[in-house]
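J.: Here you go, one structure.
Values in this text are rule-based calculations from the coordinates and carry no lab data. Please read these numbers as outputs of a predicted model, since none were measured by experiment. So basically every Cβ, Gly included, is an ideal-geometry build from the backbone, and we count neighbours across all protein chains shown.
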Amino acid sequence: MKLTKRTARLSLKKEITFFIKTQADRELCKPLVRAAEKLGYKTDITEDGNKKCEIGFYCQHVNAPENAKFSAIMLHDLLQAYPRWPDIWQIEVWNKYDIGFLPATFWANMWKRASYHDYCRPRGRVYQIGWPKADIIATPQFEEQVNTLRNSLQLDPSKKTVLYAPSWENDGKQDDFVQAALLSDVNILIKQSQIDATWKFPGIPNLYLNIKQNIQQMAALHKNIPNVTMLDPKTNILHALAVSDILVSDESSTMCEAVLMHKPAIAVEDWLVPDTVPSRHACSGHAFTIKATRDTLTGVLKDVLKNYKNYEQDAISFQLVNIKNIGTSATKMMKVLDKAVMGEHILIPALKRIYKIGIDADAVFRKAWALYDTGDFEKAITLYTQVIKSGMMNEVIALHYASLITELPYNRKYKYDAALRYLDVAEKAANHNDWVSSLRNSLTQIIQQNR
């Protein structure tokens, strides 16, 4: 729907409906609701995904924007659909919306690399503005709320506080964390998701019921352990992060929110995630996380505690590059939306699309990933090289490539040479120096081991 100034004013009432599914969605939309109301809009928040409306603001994987006269789309999760990166829009198409919003630089870069496909382009434009959920961090009320929570928890101020907040509770992950954290002199916080046991997950009956039971079992197991505090699941995760110093998780987007608040985030890569049958390993290869396994978690946590300032600075650097407009993003987003609805000029620049590339990098990437999964490492590494040379470099590709080098069934000399060649390619092709730096560290170890 392309609206001119005249038709917009005649055809649309100033009414915005925000479509949500979870409490986390509600927290994300609250700043947008306040900003919209300041611009004179009547607002509504609904869990009825098929409700008809004037202006619909959507954030779920699957929506019904055809029920809105004008529609906007954003993400509900900073790490949304990570297993499908770098192009989530193949499935979560955006060309049925009128305008789109992205929260971070790394998302903008992924969208631009995929933007030659019409399915990821709304009828209007796409804007990178920020993460509305984080706006509260910059308010005086937030600091007051954090102080209230901190005082109620009675944490030992002489100790660092380590927070556990997983995407799913299963296979004793909470106990893995507690046992590792007990070996360091820290305050231990646990924040589980707010789960409704009646929710349905496609293809896995009773998944949410099982997760709810797992949470209850873990709470009973750890409730009487000194220094272990269970937070109410309704606690705002940003409040929980604010009273903490370190986060431990699996693949939750909470890790990204921790880093934007300058808190180091540890990702346990071999923890299982039960949203497939059989359960899969966590997708936790993000450059901004500190990697651990169940066996190394204790040692990694001790290292972060010992070198906290260095890890904190890494988090600060990530936030400065990626998450902008903290405190004002909701206001800016609604002003852009208002201008788009009215058919007026928008001052904030939109993201620029790519019109063509030398190869279909997405198709090559998908084929390389399939080969990687089946163990055909030699062919996979050849295809990944094509993708990298096309300029389509992201964290998933980079980490797969590094893993392939270690998996190749060749002698040490071959691995050494392959690592050197990859570093050269990565330096020329990568859009993000932090990804290359992370890989350089891991590959340097390979090289040193195989001299």
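J.: By how many nm would the segment from Ser279 to Glu47 grow when fully extended, if each residue of separation counts as 0.36 nm and the alpha-carbon distance is taken off?
T.: Residue separation times 0.36 nm, minus the Cα-Cα distance, leaves 80.7 nm.
J.: For region 274-335 and region 9-81, what is the separation of their C-alpha centers, rounded to whole Å?
T.: 28 Å
J.: For the pair Val321/Lys159, report the inter-label distance in nm, with labels modelled 7 Å from Cα in the Cβ direction.
T.: Going by the 7 Å Cα→Cβ label model, 3.5 nm.
J.: Output the relative contact order of region 1-158, whole-number percent, from Cα pairs under 8 angstrom with separation of 6+ residues.
T.: That works out to 20 percent.
J.: Using Cβ contacts closer than 10 Å as the measure, can you line up Val336, Val321, Val259 from fewest to most?
T.: Lowest count first: Val321, Val336, Val259.
J.: Taking the alpha-carbon distance from Lys21 and a cut-off under 15 Å, which aspartates and glutamates remain once sequence neighbours fewer than 8 residues away in the same chain are dropped?
T.: List returned: Asp44, Glu47, Asp48, Asp77, Asp196.
J.: Here is a follow-up. Please report the relative contact order for region 106-262, taking Cα pairs under 8 Å with a sequence separation of at least 6, and give it as a percent rounded to a whole number. Before the final figure, lay out the partial values.
T.: Numbers: 174 pairs, mean separation 43.1, N = 157.
Normalised by residue count, the contact order of region 106-262 is 27 percent.
J.: Take Lys352 and Tyr116, extend 7 Å from each Cα along the Cα→Cβ direction, and tell me the distance between the two endpoints in nm.
T.: Distance between the two pseudo-spin positions: 1.6 nm.
J.: Reachable aspartates and glutamates from Lys306, Cα under 12 Å, same-chain residues fewer than 8 places away excluded?
T.: Asp185
J.: Continuing with this model, one more query. Be a star and scan region 265-280 for residues whose amide nitrogen sits under 16 Å from the point 7 Å along the Cα-to-Cβ vector of Gln217.
T.: Zone members listed by number: 272-275, 279.
J.: Please give, to one decimal in nm, the separation of the simple spin-label points placed at Glu66 and Thr148, each 7 Å out from Cα toward the Cβ.
T.: 4.5 nm
J.: Further question on the same structure: Quick check on my link table: of Lys173/Lys335; Lys51/Lys291; Lys69/Lys332, which ones sit more than 32 Å apart, alpha carbon to alpha carbon?
T.: From Lys173/Lys335; Lys51/Lys291; Lys69/Lys332, over 32 Å: Lys173/Lys335; Lys51/Lys291.
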